Amino acid sequence: MLTIERGSMRLEGKRAIVTGAAGALGRVIATALADEGAAVAGFDLNGSGCEETAALVAARGRPAHAVAVDLTDFAAVGRAVGTVRESFDGVDILVNCAGGGVVCAFHEMDIETWQRQLDRNLTAVFTVTRHVLPGMLAQREGRIVNIASVAAIAGGRLVRGATAYAAAKAGVVGLTKALAIEVAEEGVTVNCLAPGAQATPGRDRDTPERREQLLSQIPTRLLGRPEDLAGAVVFLVAPAAANITGVILPLDGGHSI
């Protein structure tokens with residue numbers, strides 16, 4: 001199990017953007033980066049939730065910034081990144097954590113549902129990365145971590161009817177690999193985590209039957225801990241991972257084996 005060594009300050013002086021910062025996973029990632037010394041800006045459509053995350057970062061003594069922004073709006077994201085770059089005097093780390101799925105049988109899916117899933121889970125990764133990357137290339141240093149899903153590499157066995165979500169997350173995997181090669185000589189690494197089912201607050205709504213069905217598909221019979229996902233992010237953006245790029249790392253209890 002990968003855990004964070006608190007207080008090691010591996011990211012002292014680094015400046016990070018975390019998308020989906022109002023969500024359960026984004027919030028844990030943002031605070032984990034702050035615990036390691038990074039200034040953190042959170043992007044999310046949920047402005048109040050993003051402010052709450054920023055307050056947690058600030059409580060750790062780190063510079064914090066919260067931006068309410070539609071991650072599919074290319075121009076708005078450009079303005080948001082510009083604001084953070086001016087406030088922090090640059091960006092060293094980008095964690096693309098925003099996303100989410102809907103359950104809908106493929107034969108009943110309309111084009112609007114399909115497009116929303118692509119926009120939310122893939123286009124959002126493009127828009128933020130597209131605006132952050134030029135600054136990283138200019139300083140010849142940067143770390144990008146994309147959060148995909150086990151659905152991208154193992155289909156939708158955990159949740160039937162997640163075809164559009166799985167397709168979008170598979171796009172994130174492809175983007176990660178191709179971009180990693182494109183910027184490999186420029187001091188920028190691009191990696192991807194593919195988590196399985198996580199022990200987030202939403203899982204509390206599982207019935208005993210649903211929980212057993214879920215765990216029966218996971219060899220370890222354990223849900224992922226958001227803290228461990230955050231630990232993997234911290235490792236991939238820390239100095240020790242400088243020569244790791246293009247990796248798709250499952251955190252799924254063996255589900256994708």
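The values are calculated or read from the model by the stated rules, or taken from the named source; none is laboratory data. Bear in mind that the values here come from a model prediction, so they are computed numbers and not experimental data. Methodologically, a virtual Cβ is constructed for each residue, glycine included, from the backbone with ideal geometry; neighbour enumeration extends over all protein chains shown.
In region 212-257, how many are more than 30 Å from G187 (Cα to Cα), charged (D, E, K, R) and surrounded by 14 or more Cβ atoms within 10 Å (Cβ to Cβ)?
1
List pairs: first in region 156-175 and basic (K, R), second at pLDDT 95 or above, Cβ under 6 Å, 6+ apart or cross-chain?
Listed by first residue and then by second, the contacts come to K169/N121; K169/A148.
If the requirement is being outside any helix (DSSP H, G or I), surrounded by fewer than 24 Cβ atoms within 10 Å (Cβ to Cβ) and either among the small types (G, A, S) or modelled with pLDDT of 95 or more (or both), which of these qualifies: G82, G78, G42, G37?
The conditions single out G37.
Among the residues of region 6-29, is there at least one that is under 19 Å from G231 (Cβ atoms), of a type outside the set (F, W, Y), surrounded by fewer than 21 Cβ atoms within 10 Å (Cβ to Cβ) and touching a residue at least 40 places away in the same chain (Cβ under 8 Å)?
yes
Could you check, for region 191-203, whether at least one of its residues is within 16 Å of the chain's Cα centre (by Cα) and of a type in the set (D, E, K, R)?
No, region 191-203 contains no residue that is within 16 Å of the chain's Cα centre (by Cα) and of a type in the set (D, E, K, R).
Could you tell me which of the residues V95, V103 is aliphatic (A, V, I, L, M) and assigned to a loop (DSSP other than H, G, I, E, B)?
None of the others qualify; the one that does is V103.
Considering only residues that are small (G, A, S) and more than 25 Å from G37 (Cα to Cα), look in region 85-106 and name the one that is surrounded by the most Cβ atoms within 10 Å (Cβ to Cβ).
Filtering region 85-106 for residues that are small (G, A, S) and more than 25 Å from G37 (Cα to Cα), the one surrounded by the most Cβ atoms within 10 Å (Cβ to Cβ) comes out as G99.
So I93 fits all but one of (1) under 16 Å from the mean Cα position of the chain (by Cα); (2) among the aliphatic types (A, V, I, L, M); (3) at pLDDT below 95; what number is the exception?
Every condition holds for I93 apart from (3).
Are any of the residues in region 57-71 surrounded by fewer than 22 Cβ atoms within 10 Å (Cβ to Cβ), out of contact with any helix residue (DSSP H, G or I) (no Cβ under 6 Å at 6 or more places or on another chain) and in a helix (DSSP H, G or I)?
Looking for residues that are surrounded by fewer than 22 Cβ atoms within 10 Å (Cβ to Cβ), out of contact with any helix residue (DSSP H, G or I) (no Cβ under 6 Å at 6 or more places or on another chain) and in a helix (DSSP H, G or I), one finds at least one in region 57-71, hence yes.
Does any residue in region 126-140 that is in a helix (DSSP H, G or I) come within less than 6 Å, Cβ to Cβ, of a residue that is of a type in the set (F, W, Y) six or more places away or on a different chain, and which pairs are these?
Here the result reads T127/F74, each pair linking region 126-140 to a residue that is of a type in the set (F, W, Y).
Scan region 176-192 and tell me whether some residue there is at pLDDT below 85, surrounded by fewer than 16 Cβ atoms within 10 Å (Cβ to Cβ) and not hydroxyl-bearing (S, T, Y).
So far as region 176-192 goes, no, none of its residues is at pLDDT below 85, surrounded by fewer than 16 Cβ atoms within 10 Å (Cβ to Cβ) and not hydroxyl-bearing (S, T, Y).
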